[in-house]
1. Would you please give the FRET efficiency between GLU102 and THR30, computed as 1/(1 + (r/R0)^6) with r the Cβ-Cβ distance and R0 = 30 Å, to the nearest 0.05?
2. Efficiency by 1/(1 + (r/R0)^6): what FRET value for ARG112 and ASP72, r their Cβ-Cβ distance, R0 = 25 Å, to the nearest 0.05?
3. Could you work out how much longer the chain between ALA87 and ARG3 gets when fully extended? Use 0.36 nm per residue separation minus the Cα distance between them, nm to one decimal.
4. Which chymotrypsin sites (Phe, Trp or Tyr not before Pro) in segment 10-116 pass both tests, a DSSP loop state and at most 12 other beta-carbon atoms within 10 Å?
5. Helix-derived [θ] at 222 nm for the chain: sum -39500 (n - 2.57) over DSSP H runs of at least 4, divide by residue count, nearest 500?
6. How long is the gain from LEU95 to VAL22 if the chain were fully straight, where each residue apart is worth 0.36 nm and the alpha carbon distance is subtracted?
7. Once you keep just the Cα pairs under 8 angstrom separated by 6 or more residues, what percentage relative contact order results for the chain?
8. Please compute the net charge surrounding GLN42, taking Lys and Arg as +1 and Asp and Glu as -1 over other residues with Cβ under 9 Å from its Cβ.
Amino acid sequence: RRRLWIYSRELDPGLYDHPRVVEALRRFGTAGVAGEARILLQDAAAAQRAHAPLISLGQRLPSVFAFREVGDPVDRTYPSAFIANDAGGYYFRALGHRFDGEAGLDARARARQLADAFDAVWERARPCSELRALGL
């Protein structure tokens, strides 16, 4: 598993700040297999204000974790949130502010569909330079 796509409103407090999730993402980032996690946010400032642990992990591992914020008005109205990987796993929530959704561990077609939709928005989104660590 080398690719991870996360589309979230503001790093979903209660989900991406759970210690087991942060630890799993840390292991992903330090596995030494040239992994890449792309994280697309609708509101980067809210995640930053909430001191989301995933931001500090991304600051420690900037070669693995990349953050962008959607800017296009059409993209900002997207109601869903999801995570997908290149091994066919996904967790899709039709309403991004709720935790109920559908998941699959071996659904390559659905995971690829989510990744393709993600990549189109990723290209239009702006890099979140404000989430980078300051090298003073």
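1. 0.50
2. That gives a FRET efficiency of 0.65.
3. So the extension gain works out to 29.4 nm.
4. Passing sites in segment 10-116 are PHE99.
5. -9500 deg cm²/dmol
6. Answer, rounded to one decimal: 24.0 nm.
7. 28
8. -2
A short reminder: the numbers here are calculations on the coordinates, not readings from a lab. Bear in mind the structure is a predicted one, so any value in this text is a computation, not a measurement. Heads up, the Cβs are rebuilt from the backbone with ideal geometry, glycines too, and the neighbour counts pull from every protein chain shown.
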